[in-house]
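A.B. asks: Just passing along the structure, written as structure tokens.
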Amino acid sequence: MASPAVLNLPAAASRSRFDELQQSHAMSVDVVHNVGAFLPYHRFFLHTHEHLLRTLCNYTSAQPYWDEPLDAGNFPASPLLSPTTGFGGNGVGETHCIADGPFKDYINPIGPGSRVTNHCINRNLGACESVYASKLAAPQFVSACMALPTFGEFWPCVEFAAHTAGHGGIGGEMLDLVASPGDPLFYLHHAYLDKLWWEWQARDLPARLAQISGNNACPGFPGAPPAQPETLPWGPRAVVGDPGNVTTLGHVLTVDGALPDVTIGDVMDIRGGGLLCYEYV
Ligand SMILES: [Cu+2]
């Protein structure tokens, strides 16, 4: 957050390296959600975040994940939200700005949605829809997804259940499909989803290290524009990663120069020997 932006992203919205990740996600939103690249893209996005933490912030540990079933239905009690050892607590007042913890004064440049505005990080854990959403983090929803036999069945299950639980259960900025990486909790939530994907892969590595499928854009393809391209400060994404509408291992993933582009094939195996080298414990 304290490192000035370097990538010269369109619309000059980002002030920090942290903002650049948020903006890159916002610029990709239509081609990385409800698509086959959902899990691979966010795996690469997390790797980029961890790389920046380690190279810019003297961070020497790993990207942690949020073990969400432990908090299902009761997110407000999570130690993650501690103001002293965690990421700060719930939002307060009409704006629902977070009022304690290490990020209470941070001003995000992206959001709500694709707008470029200066605003606080906000959360709304008390809303009844947040409590409802957080229940989707319960173990039975996870195991239902883990039991599915193909990637084409697994990723929509995870995107709907566990993914919705973390975003909806925190509410506020986290519930914003476009701007949610403005809340640092985003990275712990998506590391958890990445862990689920890896655990699903690890049940049958010979088959699942190369198993990818799905559509490339939502809604529709080819050339489906965003809903309101004229209102996007950075214009529509020119590339969706694959030449057709079937997600393949050759599908290109981008973080707009924060790291060089990779393919989905580069992020299928987390165990080293290629781009990634980590494990979940
Ligand atoms: Cu996302």
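A.B. asks: Test residue 144 against the criterion of being open to solvent by less than 20 Å² (accessible area, probe 1.4 Å) and part of a helix (DSSP H, G or I), and give yes or no.
C.D. replies: Considered against the rule, which asks whether it is open to solvent by less than 20 Å² (accessible area, probe 1.4 Å) and part of a helix (DSSP H, G or I), residue 144 comes out as no.
A.B. asks: A further question on this structure: Which of the residues belonging to segment 147-165 are open to solvent by 60 Å² or more (accessible area, probe 1.4 Å) and either modelled with pLDDT of 95 or more or over 18 Å from residue 217 (Cα atoms) (or both)?
C.D. replies: As a first pass, look at segment 147-165 and keep what is open to solvent by 60 Å² or more (accessible area, probe 1.4 Å): 147, 149, 153, 160.
Matches in segment 147-165: 147, 149, 153.
A.B. asks: Out of (1) more than 16 Å from the chain's Cα centre (by Cα); (2) assigned to a loop (DSSP other than H, G, I, E, B), the odd one out for residue 36 is which?
C.D. replies: Against the list (1) more than 16 Å from the chain's Cα centre (by Cα); (2) assigned to a loop (DSSP other than H, G, I, E, B), residue 36 comes up short only on (1).
A.B. asks: So, in segment 51-79, how many residues would count as being more than 20 Å from residue 137 (Cβ to Cβ) and within 16 Å of the ligand (Cβ to nearest atom)?
C.D. replies: Summing the residues that are more than 20 Å from residue 137 (Cβ to Cβ) and within 16 Å of the ligand (Cβ to nearest atom) in segment 51-79 gives 0.
A.B. asks: Okay, next question. Pairs please, first residue from segment 105-132 and more than 26 Å from residue 236 (Cα to Cα) and in a loop (DSSP other than H, G, I, E, B), second anywhere and among the β-branched types (Val, Ile, Thr) and at pLDDT 95 or above, Cβ atoms under 7 Å, 6+ apart in sequence or on different chains.
C.D. replies: 106/121; 123/98; 123/170; 125/170
A.B. asks: For a quick check of your reading of the model, give me the residue pairs whose first member lies in segment 62-82 and is in contact (Cβ under 8 Å) with a residue 24 or more places away in the chain, whose second is of a type in the set (Ser, Thr, Tyr) and in a loop (DSSP other than H, G, I, E, B), with beta-carbon atoms closer than 6 Å and at least 6 apart or on different chains.
C.D. replies: 71/78
A.B. asks: Collect the residues in segment 152-207 that are assigned to a loop (DSSP other than H, G, I, E, B) and of a type outside the set (A, V, I, L, M), keeping them in residue-number order.
C.D. replies: 171, 176, 183, 184, 203, 204
A.B. asks: Please find, within segment 1-19, the residue that is farthest from the ligand (Cβ to nearest atom) out of those that are open to solvent by 10 Å² or more (accessible area, probe 1.4 Å) and assigned to a helix (DSSP H, G or I).
C.D. replies: Among those that are open to solvent by 10 Å² or more (accessible area, probe 1.4 Å) and assigned to a helix (DSSP H, G or I), it is 12.
A.B. asks: If you scan segment 258-279, which residues turn out to be open to solvent by less than 50 Å² (accessible area, probe 1.4 Å) and either more than 13 Å from residue 40 (Cα to Cα) or in a strand (DSSP E or B) (or both)? Let's see the steps before the verdict.
C.D. replies: Here is the first cut: in segment 258-279, the residues open to solvent by less than 50 Å² (accessible area, probe 1.4 Å) are 258-259, 262-265, 267-270, 272, 276.
Once the filter is applied, which keeps residues that are open to solvent by less than 50 Å² (accessible area, probe 1.4 Å) and either more than 13 Å from residue 40 (Cα to Cα) or in a strand (DSSP E or B) (or both), segment 258-279 yields 258, 259, 262, 263, 272.
A.B. asks: Report whether or not residue 103 is within 14 Å of the chain's Cα centre (by Cα), among the aromatic types (Phe, Trp, Tyr) and surrounded by fewer than 22 Cβ atoms within 10 Å (Cβ to Cβ).
C.D. replies: Details: within 14 Å of the chain's Cα centre (by Cα): no; among the aromatic types (Phe, Trp, Tyr): yes; surrounded by fewer than 22 Cβ atoms within 10 Å (Cβ to Cβ): yes.
Criteria not met by residue 103.
A.B. asks: Additional query: Going residue by residue through segment 133-156, is there one that turns out to be within 15 Å of the ligand (Cβ to nearest atom) and at negative phi?
C.D. replies: Yes, some residue in segment 133-156 is within 15 Å of the ligand (Cβ to nearest atom) and at negative phi.
The values are calculated or read from the model by the stated rules, or taken from the named source; none is laboratory data. Keep in mind that what you see is a predicted model, and the values were worked out from it rather than measured. We place every Cβ from the backbone using ideal geometry, glycine too, and count neighbours over all the protein chains shown. Please note that ligands, DNA and RNA were not included when accessible areas were found on the heavy atoms of the full protein model with its side chains. Shrake-Rupley method; radii C 1.70, N 1.55, O 1.52, S 1.80 Å.
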